[in-house]
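The values are calculated or read from the model by the stated rules, or taken from the named source; none is laboratory data. Keep in mind that what you see is a predicted model, and the values were worked out from it rather than measured. For neighbour counting, all protein chains shown are included, and Cβ atoms are generated from backbone atoms with ideal geometry for every residue, glycine included. Ligands, DNA and RNA are stripped out before the accessible areas are found, and what is left, the full protein with its side chains, is counted by its heavy atoms. Shrake-Rupley method; radii C 1.70, N 1.55, O 1.52, S 1.80 Å.
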Amino acid sequence: MSEIKNPNKYLGNELNYITKVLEGESWSATGGSWTNSLERAFAKKFGAKYGVAFNSGTSTLHAALEAVGVQPGDEVLSPAITVIMDTTATFHANAVPVYADVDPKTFTMDPADVARKITPKTKAIITVAIYGLSPDMDPIMDLARKHNIPVIEDNAQAVLSYYKERLLGTIGNMASFSFENTKHISCGEGGMIITDNEKYAESVRKIGGHGFKNLRAEEGRIRLNQDVFQNPHYKRHDVLGWNYRLSEFNSAIALAQLERADELVELRKRSAQNFIDVMKTCDYLVPQHLPSGYVNSYYTLGVVYEGRKSIGVSWEDFRKAYIDAGGDGIYGAWSVPYLEPMVAERQFARRCPWVYDRVSYAPGLCPVAETIQPKIMQFKTNYRDVALAEKKAAILGQVIKKFRQR
């Protein structure tokens, strides 16, 4: 089988747009237009009223929590299988993470456990689309409305995913996306918040832009009137903010990527399907369940590995056999967040001791997540040539056949 190389991901207008930024007069998001163009194009793509660009998909979460009014000591619900950033964003807001267990087949937030974990202190719910698959949003939104709790969709791994024919990102009060290097749309680092709520949009823009008072829901530039801005008596800041702005360079790259979003997502979906088809030949690679009416954009393909029980091969040995045969690396799922040393050893408490004096976490909080997390394999889907995905899936098939013949 001849060698197939993964094409460069930047095959659209990226270089053209970067050149235009270099030729322009402003490279700052506070005075340029590329970031503003990206925001409007992204919001339009998702049918949202407002888009606000950020320097990462983590700062988006922190800004969203601040915007909905999360205060020190408030509780924020998030799932027990996700990256640490949902937890750290909560700590950045001086709030307390509370973890909901997950569905063992979809790996997504279990609405029944969300209901059990809501308290009078719960001031936000972060839902997470794991590997590109939406949680069961309807019951979560019903709970949120019942208790008047805002919902922030963490869609860092989901672009053009659907939940019951509704585009993910349009269901919660706000939605957060990531443009980190491995994501569907990537510019190295970056993120986006979309919302239909003007108050939230203006708030997150100010929080991410040093609290400049003239920032608005639709406008991120601050130097629109030089006579006013340059006056020594001008007062600039009316809220506490951070510097979470996305540069014109990153925005230009992300805009070019957004233009190809449908194509990039389709490539991941087709790549994932090749692996899913091969996995049907064994009983110990169980892909993430796709409920009826959902569309998974497959940031990666999540699989529960039951090979130790079925064929007597450990997770590590199966991964090694796949790599030795020419397959790409298989990633394990991130540790359950509250079992990470930063959380388990209460390092976070140093930030705000009077808030976290009685807050601690221990094994057993979310037994389903703790059981399946060590078994999860994440298979790569970021192939820009489906023929390469077919080749890697065929190699996986050979490894499955090898262990079947032992």
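Its Cα gyration tensor gives segment 268-390 an equivalent ellipsoid. The semi-axes, each the square root of 5 times an eigenvalue, are 34, 17, 15 Å from largest down. Only one residue of Leu365, Leu215, Pro72 has its Cα farthest out toward the positive end of the dipole of the chain, where Lys and Arg carry +1 and Asp and Glu -1 on Cβ, and that residue is Leu365. Relative contact order of segment 1-126, taken over Cα pairs closer than 8 Å and 6 or more residues apart, is 19 percent. Shape summary of segment 113-200, radius of gyration then Dmax from alpha carbon positions: 13.4, 40 Å. Distance between the 7 Å Cα→Cβ label points at Lys235 and Lys9: 4.4 nm. For segment 201-341, the average shadow cast by the Cα convex hull is 14.8 nm², which is a quarter of the hull's surface.
For the chain, the relative contact order works out to 21 percent when only alpha carbon pairs closer than 8 Å and six or more residues apart are counted.
Per-atom-type breakdown for segment 27-104 gives carbon and sulfur 52% of the accessible area (1.4 Å probe, protein chains only). For segment 176-269, a Kirkwood hydrodynamic radius built from all Cα pairs, placed in the Stokes-Einstein relation at 25 °C and 0.890 mPa s, yields a translational diffusion coefficient of 164 µm²/s. Split the accessible area of segment 144-212 by element, probe 1.4 Å, and carbon with sulfur accounts for 42%. Straight-line cross-link reach from Lys375 at under 24 Å between alpha-carbon atoms covers these lysines, not counting any fewer than eight positions away in the same chain: Lys105, Lys183, Lys269, Lys280, Lys309, Lys320, Lys392, Lys401, Lys402.
Counting only Cα atoms, the size of segment 254-333 along its three principal axes is 47, 31, 21 Å, in decreasing order. For segment 331-406, applying the loop criterion from DSSP together with a ceiling of 14 other beta carbons within 10 Å to the GluC sites (Glu not before Pro) yields Glu345.
The alpha carbons of segment 77-160 occupy a box of 31, 27, 23 Å along the principal axes, longest dimension given first. With the biggest extent put first, the Cα atoms of segment 226-280 measure 70, 23, 13 Å across the principal axes.
With N the number of residues in the chain, Rg(Cα) / (2.2 N^0.38 Å) evaluates to 1.03.
The apolar share of the surface of segment 289-406, taken as the fraction of accessible area on carbon and sulfur atoms (1.4 Å probe, ligands and nucleic acids excluded), comes to 49 percent.
Segment 276-328 and segment 116-156 have their alpha-carbon centroids 28 Å apart. Taking all C-alpha pairs of segment 1-97, those more than 21 Å from each other amount to 57 percent. Solvent-accessible surface of the chain, averaged per residue with a 1.4 angstrom probe and all protein chains in place: 44 square angstrom. Can you tell me the orientation of helix 137-147 relative to the chain, as the angle in degrees between its alpha-carbon axis and the longest Cα principal axis, to the nearest 10? Tilt relative to the chain: about 40 degrees.
Here's the picture: charge each Lys and Arg Cβ at +1 and each Asp and Glu Cβ at -1 in segment 193-335, and of Val228, Ala321, Ser251 the one pushed furthest to the positive end of that dipole is Val228. Give the angle, between 0 and 90 degrees and rounded to the nearest 10, that separates the Cα long axis of helix 14-23 from the longest principal axis of the Cα atoms of the chain. With rounding to tens, the tilt is 20 degrees. Each stretch of four or more DSSP H residues adds -39500 (n - 2.57); spread over every residue of the chain, this sum gives -10500 deg cm²/dmol at 222 nm. The relative contact order of segment 41-193 comes to 25 percent, based on Cα pairs under 8 Å that sit 6 or more residues apart. Computed over the alpha-carbon pairs of segment 352-393, the distance histogram in 5 Å steps reads 5, 15, 13, 9, 10, 11, 11, 8, 7, 6, 4, 0 percent, short to long.
When nucleic acids and ligands are ignored and a 1.4 Å probe is applied, Lys269 ends up with an accessible area of around 60 Å². Subtracting the Cα-Cα distance of Lys20 and Glu219 from 0.36 nm times their residue separation leaves 69.5 nm of extension gain.
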